[in-house]
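Read-outs: derived from the displayed coordinates by stated rules, not from any lab. What you see is a predicted model, and the numbers here were worked out from it, not measured in a lab. Note that we place each Cβ from the backbone using ideal geometry, even for glycine, and neighbour counts take in every protein chain shown.
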Amino acid sequence: MGRGRYPARLQVSPPSPEVGAHYLLIWPGHDFYHNPDAFPPISSPGLFGNDRPLEIDMGCATGELVCALAAARPEANYLGIDISLKPLYRAVEVAASRGLSNLRFLQSDMLMLYGRIPAGALRTAYVHFPAPLMRNRHRKQRMISPTLLQHMQRTLAPSGTFSFITDHEDLYAELLRLLPVAPGLRLRDPAEHEIALTDLLKSHYHRRWEDRGRPILRAELEHVRL
Ligand SMILES: C[S@@+](CC[C@H](N)C(=O)[O-])C[C@H]1O[C@@H](n2cnc3c(N)ncnc32)[C@H](O)[C@@H]1O
């Protein structure tokens, strides 16, 4: 994953079968690609069997953000998604130790999943500190893309929020450059930001880049009616 290989160095064990069955979904890429309809929709009814608002963290790594949010806001559901399994083991360990019942984790490639999210299913989607992948040859793996923004416009509920943070100036500029592809997403003024990033909500990467004096660049996009 480049840039500070923290998840690769993690020493964690898989959860027990009971804990894993409760918290962890694993959707093998090959099966999902060939038969996506065999998997539940990414929505509160589909994953939690209720109608609470759903928030997802794409590339959640060890799940610090979603664990903190799920504990602070029990009236909503949270889903952390990561392509890499090891950090999710740590995320599940934390969620289980805190007895969080409104939280699940999903191992899958986010880039394959957008079509499985029903229209209006999300209250908030977070992409915080994704790998920048600015080289042209990595373009197809980059999380920030026209496809992502168009799906955010489709899947966020009215007034829903897409929260993006990076320490990478070129990636931030790329997000702003792409905004016209999704005219239903309005860039909030920083004074209007809904999510106050207290220390509790700062992930390992957030603290790491902040400590190293990297810029912390945020954009909150709001789904508005056209
Ligand atoms: C630099 S970490 C950031 C983690 C976290 N969002 C944070 O703020 O600390 C990026 C994470 O994105 C995950 N990732 C990269 N590409 C992905 C994809 N296509 N689908 C899901 N997760 C992905 C990586 O495995 C890694 O855990």
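Rounded to the nearest 5, what % of DSSP beta bridges with both residues in segment 1-152 are antiparallel? Taking every DSSP beta bridge within segment 1-152, about 0 percent pair in antiparallel fashion. Normalised by 2.2 N^0.38 Å, where N is the number of residues, the C-alpha radius of gyration of the chain stands at 0.96. Near residue 187, the amide H atoms lying under 5 Å from its own belong to 222; only residues 5 or more places off or on other chains count, and H is placed 1.01 Å from N.
Taking 193, 30, 151 as the candidate residues, the one with maximal mean-square fluctuation in a Gaussian network model of the chain, Cα springs under 10 Å, is 30. A helix-only calculation puts the chain at -9000 deg cm²/dmol for mean residue ellipticity at 222 nm, using -39500 (n - 2.57) for each DSSP H run of at least four residues, averaged over all residues. If you take all other residues with their beta carbon under 11 Å from the beta carbon of residue 220, and give Lys and Arg +1 and Asp and Glu -1, the sum is -1. Other residues with beta-carbon under 9 Å from the beta-carbon of residue 202 carry, at +1 per Lys or Arg and -1 per Asp or Glu, a net charge of -2.
In order along segment 196-204, the Karplus-derived 3J(HN,Hα) couplings, from 6.51 cos²θ - 1.76 cosθ + 1.60 at θ = phi - 60°, round to 8, 8, 6, 4, 4, 9, 8, 7, 3 Hz, and Gly and Pro are given as x. Expressed as a whole percent, the proportion of Cα-Cα pairs in segment 86-181 lying more than 22 Å apart is 38%.
Of the GluC sites (Glu not before Pro) found in segment 158-211, the ones in coil according to DSSP and having at most 16 other Cβ atoms within 10 Å of their Cβ are 194.
Amide H contacts under 5 Å for residue 125: 56, 161, 162, 163, restricted to partners 5 or more places along the chain or on a different chain, H placed in the peptide plane at 1.01 Å from N. Counting trypsin sites (Lys or Arg not before Pro) as exposed when in a DSSP loop with at most 11 other beta carbons within 10 Å, what is the longest stretch of the chain free of them? Here the longest run is 6-134. Think of each Lys and Arg Cβ as +1 and each Asp and Glu Cβ as -1; about the Cα centre, that makes the dipole of the chain roughly 600 debye.
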